[in-house]
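Worksheet: one structure, shown below.
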Amino acid sequence: MSKEEKIFESVNPDFRAKKGSLKSVDEYVEGILSGNKTFLSQAITLIESSRDDHREMSEQILEQCLPKTGESLRIGISGVPGVGKSTFIDVFGKNLISEGKRIAVLTVDPSSSRSKGSILGDKTRMHFLSTHPDAYIRPSPTAGTLGGVARKTRETMLLCEAAGYEMIFIETVGVGQSETAVYSMVDFFLVLMLAGAGDELQGMKRGILEMADLLAINKTDGDNVEAAKRAKQEYQNALSLFPRQPSGWKPVVKTCSSLDGSGLEDIWDEVKNYITLTQKNGHFKNHRKEQAIDWMYENIHYRLKETFYKHPAIKCRLKAIENKVAEGTLSSFKAATELIKLFGS
């Protein structure tokens with residue numbers, strides 16, 4: 001068994017062992033469109049696989065499901081580790097389900113760069129959503145993907161939409177420079193922050209502030225209330241220095257508590273205000289079109305990289321050239337040029 005197959009099987013051990021357990025493309029599509037969670041999960045596992053036959057099948061499933069996608073609201077949730085993202089989503093999602101919404105949560109766990117393993121523990125922290133019939137939680141390892149977003153998150157999101165989930169939450173690993181990865185696939189970007197954890201603004205990168213549609217200071221309860229109020233004012237002052245976003249929306253700062261539920265309704269109201277504004281001025285639809293194009297180029301880049309390393313001449317010469325670079329007898333630049341010439345030959 002190849003290394004790639006082992007990684008694939010580790011995502012869903014029950015899916016691997018049953019010989020001939022794969023359904024037909026039509027069966028998967030029918031199951032997904034009917035809202036069957038088992039078929040949805042198995043199709044996502046196909047998407048996450050690196051095997052060529054699985055990829056080909058998953059692409060066919062995606063193409064057939066595509067006409068049933070695009071009707072959900074996609075929300076990115078980011079924030080520093082320990083800010084309470086999972087608990088926030090659990091309580092926020094519970095409120096939305098009470099309004100008749102169906103919720104899908106794509107949680108992204110950091111993978112070990114050494115073993116490629118992942119804890120995948122977010123589902124256990126969402127006590128309500130993990131057991132509710134109108135919610136679906138899919139933990140996925142980042143597998144080293146920049147930005148803390150699994151490489152197949154976009155495809156997974158589309159299948160969830162085809163399965164009838166009206167709200168898609170994408171929870172990222174944490175705040176970093178590459179959070180543009182999640183911004184490029186959602187309609188609304190929400191950043192959770194903590195008050196009283198040192199100099200809040202010092203740890204915030206300008207890029208994150210510029211991308212955020214809403215900053216929410218979480219855990220505003222008990223002794224944290226006054227600190228949260230001060231942090232809110234600091235964030236509002238910081239945001240006022242930035243030019244208005246292309247969407248025409250002025251980012252807002254809110255306080256909330258996932259413990260007592262305070263402030264969550266205000267956050268939902270702001271999300272709805274954003275959607276109303278951007279649908280009216282055309283940004284919502286234009287942003288989705290730009291994201292689709294970005295997605296195409298991202299797939300091109302990935303496929304080119306994959307094809308490069310699978311090329312017979314590259315596989316044959318790569319290690320020897322790598323050794324020369326390590327020994328200092330060949331520069332990195334010259335090595336790259338030689339490999340690219342081999343690839344093109």
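The values are calculated or read from the model by the stated rules, or taken from the named source; none is laboratory data. Since we're looking at a predicted model, the values are computed, not measured. Because the Cβ atoms are built from the backbone with ideal geometry, glycine has one as well, and the counts that use them run over all protein chains shown.
What to note about this one:
- For segment 218-314, the helices (runs of 4 or more DSSP H) that sit wholly inside it and include 3 or more residues that are without any contact (Cβ under 8 Å) to a residue 40 or more places away in the chain and under 18 Å from Ser78 (Cβ atoms) are 225-239.
- Check on Glu71, surrounded by fewer than 20 Cβ atoms within 10 Å (Cβ to Cβ) and modelled with pLDDT of 85 or more: yes
- Residue tally, condition at pLDDT below 90 and among the charged types (D, E, K, R), over segment 240-262: 1
- Here Ala335 fulfils each of the conditions (1) closer than 30 Å to Asp90 by Cβ; (2) surrounded by 15 or more Cβ atoms within 10 Å (Cβ to Cβ); (3) modelled with pLDDT of 95 or more apart from (1).
- Filter pass, Ile170 being under 25 Å from the mean Cα position of the chain (by Cα), within 25 Å of Val91 (Cβ to Cβ) and modelled with pLDDT of 90 or more: yes
- Val91, sole failed condition from (1) at pLDDT below 95; (2) closer than 18 Å to Ser257 by Cα: (1)
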